[in-house]
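Peer 1: Take a look at this one; I'll ask things after.
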Amino acid sequence: MDIFGIFLKEGFIHILDINAYDHMLYLLVLCVAFSLSDWKKILWLATAFTIGHSVTLSLAVYNIILIPRDVIEMLIPITIIVAGLFNIFKKSQSSNATYILALSIGLIHGLGFSNQLKAISSQEDLLVTLLSFNIGVELGQVVIVLVFLAITYTVTRWIGLDHIHWRKVISAFAILVASYLLYSML
């Protein structure tokens, strides 16, 4: 397999790895604000997140920005808490603030990805590595989004839970898990 294929797979696996549950948790908080009929908005939000993390991932891998790993690791659960609170207290689903939030949070999460990518890549193939890893991440995100949309559809249509309550339950759950992650780092 060539370098592109290796890192495409690596990015895809990284997102779907159970140890990347903080990223999955963020995606759930991102997705739960919308219904199945809003699937295009959700994919755009996931893409905004990918753009954000691609920028900082690139800057960090090329050592243009250097932030200590422990600071980044603490910021990631904070971003999940902020996104969860945003979901609980926001009034509408169509706010441009949601896209700005996704992009901003992606900037922080990209710094977290950079440590793993630096460890497994070589300087010679860095551009191809970055591109293929980011495409793999995006494809993995699409899988997570589609699975969660199916779960949301099942819960809101078949079980009958109101979407607003579902959004608040998932957001509160994400806040609790992220708070635990943050607490465990202190």
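Each value in this text was obtained by applying a stated rule to the coordinates, not by laboratory testing. Remember, it's a predicted structure, so these values are computed and weren't measured experimentally.
Peer 1: In percent, what relative contact order does the chain have, based on Cα pairs under 8 Å that are 6 or more apart in sequence?
Peer 2: It comes to 44 percent, rounded to a whole number.
Peer 1: For the cross-link pairs Lys41/Lys168; Lys9/Lys41; Lys40/Lys118; Lys9/Lys40, which exceed 21 Å when the distance is taken from alpha carbon to alpha carbon?
Peer 2: Result: Lys9/Lys41; Lys40/Lys118; Lys9/Lys40 exceed 21 Å.
Peer 1: Now a separate question. Give the distance, in whole Å, between the Cα centre of region 146-178 and the Cα centre of region 69-141.
Peer 2: Cα centres, region 146-178 to region 69-141: 22 Å.
Peer 1: Quick one: what are the phi-derived ³J(HN,Hα) couplings along region 108-114, Karplus 6.51/-1.76/1.60 with θ = phi - 60°, whole Hz, x for glycine and proline?
Peer 2: Per-residue couplings from phi come out as 6, 5, x, 5, x, 5, 4 Hz.
Peer 1: Here are several values of semi-axes √(5λ) of the Cα gyration tensor in Å: (1) 26, 20, 14; (2) 27, 20, 17; (3) 29, 18, 14. Which one was derived from the coordinates shown?
Peer 2: (3)
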